[in-house]
Amino acid sequence: MTSARRIRWIVVLAVVEFGIATTLLAGEPLEIVRVSADRAIQILKDPKLRSKEKKKERIERLKEIVNPLFDYEEMARRSLGPHWRRRTPQEQQEFVKLFRNYLENTHADKVDLYAGEKVVYGRETVEDDYAQVETTFISAKGEGFSVVYRLRRVGGKWKVYDAVVENISIVNNYRSQFDRVISKSSFEELKRLLKEKAG
């Protein structure tokens, strides 16, 4: 992955993790993504929150709007892949909490990489309880890259469980990484690494 593409990946992870949330949880998928991303970008662009002293406050304000929408259990289950079924219910719940903590802590440090990217909204596709929303992130230099948000309806509410950045699924990316660690070592080693990376 090139350095430019890596920066794009990090920026999108930060916005995905902290930017897609809204109080309109029962609305249409496209509207949820639109309102949520716009709201998050306003926080990221707010000059009153740009100083180092305000970083913690900025992150906490973003966390307040994201947690109700993300389907962390579904993300954790898909990221663990076939190894999920081999874990006990207690181990599964422990992993969900660990995975969520890992996402929150590692991506929180990346919000400073936001550099004025804009979002252009495309098609919304809905099939039963699953939906996709196509978007394009436009950099300050005018470069564009695609992001497709994947949502599913849980208890009547749409929740994000994956994002595909330039045809690379975040969940699939994690699944490949986690499978390599477990195959070469163990599930316990994966948990140790996640705790370590989460700081």
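Here, each number is a calculation from the coordinates, and none is a lab measurement. Remember, it's a predicted structure, so these values are computed and weren't measured experimentally. Neighbour counts are summed over all protein chains in view; Cβ atoms, including those assigned to glycine, are modelled from backbone coordinates with ideal geometry.
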Can you pull out the GluC sites (Glu not before Pro) in the stretch 130-166 whose DSSP state is coil and whose Cβ has at most 15 other Cβ atoms within 10 Å? 143, 166
For the stretch 37-94, what is the convex hull volume of the alpha-carbon atoms per residue, in Å³? 109
